[in-house]
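Just below is one structure, and these are the notes that go with it.
The values are calculated or read from the model by the stated rules, or taken from the named source; none is laboratory data. Because the structure is predicted, anything quoted here is derived from the model rather than measured. Cβ: placed from backbone, ideal geometry, glycine included. Neighbour counts: every protein chain shown. These accessible areas exclude ligands, DNA and RNA; they are computed on the full protein's heavy atoms, side chains included. Shrake-Rupley method; radii C 1.70, N 1.55, O 1.52, S 1.80 Å.
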Amino acid sequence: MAKNKDLLAIGHSAHDYIIRVSEFPKANFSAPILNMKTFNGGAAANVACVGANLGLKTSLVSAVGGEFKKSDYYEHMKNLDIDTDSLIIVPGESTPTAFVLTNDNEDQISYFYWGAAREFTESKIPTSAISNVEAVHLATGDPNFNWKCSIEAKNNDKLVSFDPGQDLGMYDTKKLKDVIGNTTILFGNHHEIERILNSLEIDINGLKELGPKIIVKTCGANGSEIYSKDEKIKIGSILKEAVDPTGAGDSYRAGFLSRFLNGESLEESAKFASSVSSFIVEEQGCQTNMPSFDDAFKRMNEFY
């Protein structure tokens with residue numbers, strides 16, 4: 001079992017509508033929905049919940065609606081012993097909601113209603129929550145809020161991991177460069193890392209020179225690549241039948257951080273992360289099939 005280490009996840013908690021279609025419609029056309037269910041989601045909450053289930057002591061900063069503390073999702077977080085004292089509660093507004101559409105090619109289109117998360121722009125930096133943890137994970141959320149949190153975390157000598165995800169386009173070049181400069185570990189899938197390189201007009205070596213000690217690029221079925229100062233590591237995927245890819249990236253980050261914060265090598269952390277994400281894709285929803293540490297560790301050892 002993993003030792004308890006403190007991880008603060010900052011960003012969205014959301015209700016996810018996971019929708020299956022055969023193909024995406026063209027403009028002014030419609031397409032039949034094959035399946036639709038509602039699940040717990042939001043990138044920061046996914047990392048906090050999966051991490052907690054793996055044995056990490058996690059806390060969460062999200063902006064949620066006034067109804068959230070009466071929801072099953074909140075009870076789920078409390079059952080996982082996640083510290084929710086720093087949640088930003090916004091009366092009269094709805095908790096963020098994601099509509100994630102996946103087609104037969106496993107391509108995705110997402111629509112996101114920010115709702116209460118608009119409050120991030122007016123919120124104070126959670127200095128106390130940041131000061132009380134070992135590591136801060138910046139997930140999808142308000143770019144300016146994440147930028148300010150990255151400064152606070154770096155000034156307090158915290159490990160900072162950053163995953164802009166599908167919100168990458170919301171960052172202007174300067175903010176993106178600044179947050180990356182404050183980052184210890186930069187996470188992104190192959191599309192996102194390529195967008196960052198193109199946006200900043202640099203190559204992977206130039207990206208390393210901006211500040212992050214570690215760059216983790218996930219490549220779906222092709223595994224992951226980890227870049228550090230002196231090496232590049234390739235890790236193969238643990239391929240399982242993918243019912244739903246939603247949340248695989250967030251669970252990978254949670255798995256990676258849970259091992260890295262406990263002193264494991266980059267290679268071992270990436271192998272464990274791959275194992276964790278292989279459980280998530282086996283069921284619909286980001287948190288439906290969260291593995292225990294023992295289950296993920298066993299599968300990792302069986303595969304690698």
Checklist entry - For the subset of segment 60-72 comprising residues that are surrounded by 24 or more Cβ atoms within 10 Å (Cβ to Cβ) and in contact with a Pro (Cβ under 9 Å, 6 or more places away or on another chain), which member is farthest from S131 (Cα to Cα)? => result V64
Item to check | Residues that are more than 18 Å from the chain's Cα centre (by Cα) and open to solvent by 50 Å² or more (accessible area, probe 1.4 Å), drawn from segment 94-123 | outcome: S94, D104, N105, E106, D107, R118, E119, T121, E122
Checklist outcome for this item: The strands (runs of 3 or more DSSP E) lying entirely within segment 35-103 that contain at least 2 residues which are within 28 Å of G263 (Cα to Cα) are 57-61
Checklist entry - Can you find even one residue in segment 229-243 that is crowded, with 22+ Cβ neighbours inside 10 Å and closer than 30 Å to V21 by Cα? => result no
Checklist outcome for this item: Quick count over segment 194-228, residues being open to solvent by 30 Å² or more (accessible area, probe 1.4 Å), in contact (Cβ under 8 Å) with a residue 12 or more places away in the chain and not in a loop (DSSP other than H, G, I, E, B), is 9
Next on the checklist: If a residue must be among the acidic types (D, E) and either open to solvent by less than 30 Å² (accessible area, probe 1.4 Å) or touching a residue at least 24 places away in the same chain (Cβ under 8 Å) (or both), how many such residues does segment 157-171 contain?
Outcome noted: 2
Checklist outcome for this item: Per the filter on segment 250-287, residues charged (D, E, K, R), assigned to a helix (DSSP H, G or I) and touching a residue at least 40 places away in the same chain (Cβ under 8 Å) are D250, R253, R259, E267
Checklist outcome for this item: Only unsatisfied item for K69, checking (1) closer than 21 Å to G141 by Cβ; (2) of a type in the set (D, E, K, R); (3) in contact (Cβ under 8 Å) with a residue 40 or more places away in the chain, is (3)
Item to check | Whichever residue in segment 133-156 is touching a residue at least 60 places away in the same chain (Cβ under 8 Å) and out of contact with any strand residue (DSSP E or B) (no Cβ under 7 Å at 6 or more places or on another chain) and, among such residues, is farthest from C49 (Cα to Cα) | outcome: F145
Next on the checklist: Looking only at segment 257-270, filter to residues that are of a type outside the set (S, T, Y) and buried (at least 24 other Cβ atoms within 10 Å of the Cβ); which one of those is farthest from L54 (Cα to Cα)?
Outcome noted: A270
